[in-house]
């Protein structure tokens, strides 16, 4: 009996051994992506992408997928977590001293390299072909612009070399989502805010494909501008993080180059680096002290080369983040602490052309020949004539237009659209429990300019000039008091100070104050204004000075009458008065 039992046991084990190899092969074949099955010619649809991730989650317990919130297309935005110890709670992961890398794919669905590369990378990690270090967790947005992905065609991005068909740049509102992070007109962006603050990533990677000039490099990299990131984090990004990525990619056979931010005929003479404002993904994450990157493969390279380069670069991010975990945490923690008491914040950055950096650029000789369309000279690149040369890139930006941090901001509750954005970005604030009189600094908008064409649903303001005064204002119960002692201070300053290039004023959230609601009938107010000038000689003096210095004003009776109205107690107090008030104790 014992012998027969052992014999049956060994027969069972032998049968299992015989079946093991074909079973594993079948499983591996089942896990191939559409990209692989098509010979690197096709990318997934939105449904195929999510189905693939759900299939991986069913197979591998170290993967988790959840729906976070809505998008403009009606379908939910998903978050995939790949965690070595199967802990998918981000608060717990941070307590365990894990470094979080947040990967965003498909913000422009016509640039799907990251979609396919990330599916394969996660699968290979789960199969043990690639290693995810124990101190790193991957947070993955499989496909961000769902509406653009559903609008699929083989004709978008006419200049791009594959894949066969892909989605459009515009989302379901026809918004470019990589201009929407700060204003959040889309549900996608509002759900992204949830994902970002849930994960609080140490490193953010937003995979793209670049167009523009032709050159030999397969991959270029847009790092958040180190001068804009600022402080020790910015210095370490520039001096350590970026050089390490370049070296790692070189070891993998890729000559990495900074994003080719070039708009002239050819890039041979170099360019000024891209300064990413918070409307862009990496600029937005900078406001909350994350190392942000936008990889940009080159559109003219075969799709296979682009996907493989994206895969390789994500491996480099994982390795560097793991090897430098303690330093990354220390820098972010110190920055989050320092920003709570930082006194001055810049609102503008200008390139310093006295500090070029030199890079080896691998290009193709350019020339001109007659156009088949116009007969006029047209640019072309001759791929039979590759070259290498040293070029200058101006990657140092000097901060300017500094503002002093107030002790707090106060925003009346009527501006709920702004309040909701602050709340979605985890800003700490409280409602006044009773009507309260507070001495505040107020801005009066004295001048501004506006673009003449719409840009992403808005007519952006710029060149804002203000006048500051102090007033005692009675705020109502329910108005919002925002203390400036928090890690979100930089976000608050750059959105609430009217001079910021991506401030909420610039994006038209406060346009109602720029139009006068109250007024007067000229023939009636003429008598009232005359009486007012007789009893207020200082206003008459100001009127006469304005007449003497402005001949156009001196010839306009209506302009002079309005000047008096604006100086009078009948002037509408909310007109041109910026409705975000600064508490300075």
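Quick test for you: out of 334, 326, pick the one residue that is farther than 26 Å from residue 160 by Cα, without any contact (Cβ under 8 Å) to a residue 60 or more places away in the chain and part of a helix (DSSP H, G or I).
Details: 334 fails: without any contact (Cβ under 8 Å) to a residue 60 or more places away in the chain.
Unique residue meeting the criteria: 326.
Residues to consider are 375, 463, 367; find the one that is within 24 Å of the chain's Cα centre (by Cα) and free of Cβ contacts under 8 Å to residues at least 40 places away in the same chain. Before the answer, list the steps.
Working: 375 fails: within 24 Å of the chain's Cα centre (by Cα); 367 fails: within 24 Å of the chain's Cα centre (by Cα).
The conditions single out 463.
How many of the residues in segment 30-52 are surrounded by fewer than 10 Cβ atoms within 10 Å (Cβ to Cβ) and either under 19 Å from residue 80 (Cα atoms) or at pLDDT below 95 (or both)? Please lay out each step first, then the result.
The initial filter retains those residues of segment 30-52 that are surrounded by fewer than 10 Cβ atoms within 10 Å (Cβ to Cβ), namely 30, 39.
From what is left, the residues that are either under 19 Å from residue 80 (Cα atoms) or at pLDDT below 95 (or both) are 30.
So the count comes out to 1.
Identify all residues within segment 78-97 that are part of a loop (DSSP other than H, G, I, E, B) and closer than 21 Å to residue 282 by Cα; write none if there are none. Full working, then the answer.
Our first condition is that a residue be part of a loop (DSSP other than H, G, I, E, B); within segment 78-97, this holds for 83-89, 96-97.
Scanning segment 78-97 gives no hits.
Among the candidates 132, 127, 121, 150, single out the residue that is in contact (Cβ under 8 Å) with a residue 60 or more places away in the chain, over 18 Å from the mean Cα position of the chain (by Cα) and buried (at least 24 other Cβ atoms within 10 Å of the Cβ). It would help to see each step written out before you state the result.
Values: 132 fails: buried (at least 24 other Cβ atoms within 10 Å of the Cβ); 127 fails: buried (at least 24 other Cβ atoms within 10 Å of the Cβ); 150 fails: buried (at least 24 other Cβ atoms within 10 Å of the Cβ).
Among 132, 127, 121, 150, only 121 is in contact (Cβ under 8 Å) with a residue 60 or more places away in the chain, over 18 Å from the mean Cα position of the chain (by Cα) and buried (at least 24 other Cβ atoms within 10 Å of the Cβ).
So which residues in segment 485-512 are touching a strand residue (DSSP E or B) at 6+ places or on another chain (Cβ under 6 Å) and within 21 Å of residue 336 (Cβ to Cβ)?
493, 496, 497
Could you please let me know if residue 490 is surrounded by 13 or more Cβ atoms within 10 Å (Cβ to Cβ), within 30 Å of residue 427 (Cα to Cα), at pLDDT 95 or above and not assigned by TED's automatic domain parsing to the domain that holds residue 173? Walk me through it before giving the result.
Values: surrounded by 13 or more Cβ atoms within 10 Å (Cβ to Cβ): yes; within 30 Å of residue 427 (Cα to Cα): yes; at pLDDT 95 or above: yes; not assigned by TED's automatic domain parsing to the domain that holds residue 173: yes.
The answer is yes for residue 490.
For segment 112-155, name all the residues that are out of contact with any helix residue (DSSP H, G or I) (no Cβ under 8 Å at 6 or more places or on another chain) and assigned to a strand (DSSP E or B).
Listed by number, the list holds a single entry, 153.
Just checking, does segment 234-249 include any residue being more than 27 Å from residue 333 (Cβ to Cβ) and either within 19 Å of the chain's Cα centre (by Cα) or assigned by TED's automatic domain parsing to the domain that holds residue 205 (or both)? Quick ask: steps written out before the conclusion?
So the first thing to find is which residues in segment 234-249 are more than 27 Å from residue 333 (Cβ to Cβ), and the list is 249.
Now drop any that are not either within 19 Å of the chain's Cα centre (by Cα) or assigned by TED's automatic domain parsing to the domain that holds residue 205 (or both), which leaves 249.
Yes, the conditions are met somewhere in segment 234-249.
Hey, does segment 454-464 have a residue that's surrounded by 14 or more Cβ atoms within 10 Å (Cβ to Cβ), in contact with a strand residue (DSSP E or B) (Cβ under 6 Å, 6 or more places away or on another chain) and in a strand (DSSP E or B)?
Scanning segment 454-464, I find at least one residue that is surrounded by 14 or more Cβ atoms within 10 Å (Cβ to Cβ), in contact with a strand residue (DSSP E or B) (Cβ under 6 Å, 6 or more places away or on another chain) and in a strand (DSSP E or B), so the answer is yes.
Quick check on my filter: what residues within segment 63-77 are buried (at least 21 other Cβ atoms within 10 Å of the Cβ) and either touching a strand residue (DSSP E or B) at 6+ places or on another chain (Cβ under 6 Å) or assigned to a helix (DSSP H, G or I) (or both)?
Residues satisfying the conditions are 63, 71, 77.
The values are calculated or read from the model by the stated rules, or taken from the named source; none is laboratory data. Small disclaimer: the values here were computed from a predicted structure and weren't measured. For neighbour counting, all protein chains shown are included, and Cβ atoms are generated from backbone atoms with ideal geometry for every residue, glycine included.
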